Amino acid sequence: MPKMNKPRPEAGSADNPATVLQRLVAYGYLVRLNRPIGILLLMWPALWALWIAGEGKPQWTVVLIFILGVALMRSAGCAINDFADRKIDGKVERTRGRPLATGLVSPMEAVGIFVAISLMAFALVLFLNQETVLMSFVAVTLAAVYPFMKRYTHLPQLVLGMAFGWAVPMAYTALTGTVAPEGWLLYIAAVIWALIYDTEYAMVDRADDLRIGVKSTAILFGESDRLMIGLLQSAMLGLMVLVGAKLELGLYYYLGVVAGSLVFLRQQYLIRKRDPDGCFRAFIGNNYFGMVVFIGLVADYLVSR
């Protein structure tokens, strides 16, 4: 079983308040500062979109705003996620050490942190144009709604994808004031990517989720999970090729996509036995997919433009 949240601060509970330092450390665990993979998975599609919309030369101030905004919104999402799952996390092996599940952080503190960090992210967006400011309201709504979806639908991963991928159209509007057709194709690809990696993530918890009644695509797909992930991987790669064709991108971009396909093949190998450790390693490996596609994209603009 992957050890997601085993290390945690020795702090007080609601009845035995912690010191200020212990509280800050607990807040850090709440927003997963010790687990930056979520920031990276949210960041890569944003960077793809920024480089494409900026034709290889995005404004560096906008890039910085998006990197900081990604980190903040992922942190805010973790806080509201743990609030939504506060009665569930203690029943799941992987999440039983989270601050709300152990009483290190109260539910109202988690909500307060979500609101505070969301406002910080919104303050960053105010440095961008009006179109992007308006789109940010969609982003925060999706981030707030996603954690509750696992109670009502087997497709919470789809809502996560819509939330994580929304950085793509925001990047386009930030640089061009509108979203080009290839921008929406890239957004769909980002949504599908989230379906891939969050299904792998949900496979880690499938036994616990079935026991406590939480829904996920891993449960929906059942024994067809590897096949469905493979189909989603193929669809995403097809969309990335289509984006490259529409933009007339060159060899280096496609080499990045090919490298990404090798990452996907390795994921299929890792999840072949459906054991939690292999599924978690496959999930983590998606960072490399995002990275190699971005490297190929940057190299293509540097060499070919």
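Side notes on the structure shown:
- Enumeration of residues in segment 245-280 that are among the charged types (D, E, K, R), in a helix (DSSP H, G or I) and touching a residue at least 40 places away in the same chain (Cβ under 8 Å): Lys246, Asp277
- With respect to the stated conditions, Val292 is surrounded by 19 or more Cβ atoms within 10 Å (Cβ to Cβ) and of a type in the set (Val, Ile, Thr).
- Number of the exception - Glu55 against (1) in a helix (DSSP H, G or I); (2) under 29 Å from Met170 (Cβ atoms); (3) not aliphatic (A, V, I, L, M): (1)
- Unmet requirement for Val214, which otherwise passes all of (1) assigned to a helix (DSSP H, G or I); (2) more than 22 Å from Val263 (Cα to Cα): (1)
- Checked against the criterion of being within 21 Å of Leu142 (Cβ to Cβ), in a helix (DSSP H, G or I) and without any contact (Cβ under 8 Å) to a residue 40 or more places away in the chain, segment 221-235 has no qualifying residue.
- Unique match (being under 19 Å from the mean Cα position of the chain (by Cα) and hydroxyl-bearing (Ser, Thr, Tyr)) among Thr95, Thr61: Thr95
- Candidate set from segment 203-233 (those that are surrounded by 16 or more Cβ atoms within 10 Å (Cβ to Cβ) and among the small types (Gly, Ala, Ser)); member that is modelled with the highest pLDDT: Gly230
- Scan of segment 73-89 for residues that are under 20 Å from Arg23 (Cβ atoms) and either in contact with a strand residue (DSSP E or B) (Cβ under 7 Å, 6 or more places away or on another chain) or surrounded by fewer than 20 Cβ atoms within 10 Å (Cβ to Cβ) (or both), ordered by number: Arg86
- Residue-level analysis places Gly238 among those that are in a helix (DSSP H, G or I) and without any contact (Cβ under 8 Å) to a residue 40 or more places away in the chain.
The values are calculated or read from the model by the stated rules, or taken from the named source; none is laboratory data. Quick caveat: nothing in here was measured; it's all calculated off a predicted structure. Every residue, glycine among them, receives a Cβ derived from its backbone with ideal geometry; neighbour counts consider all protein chains shown.
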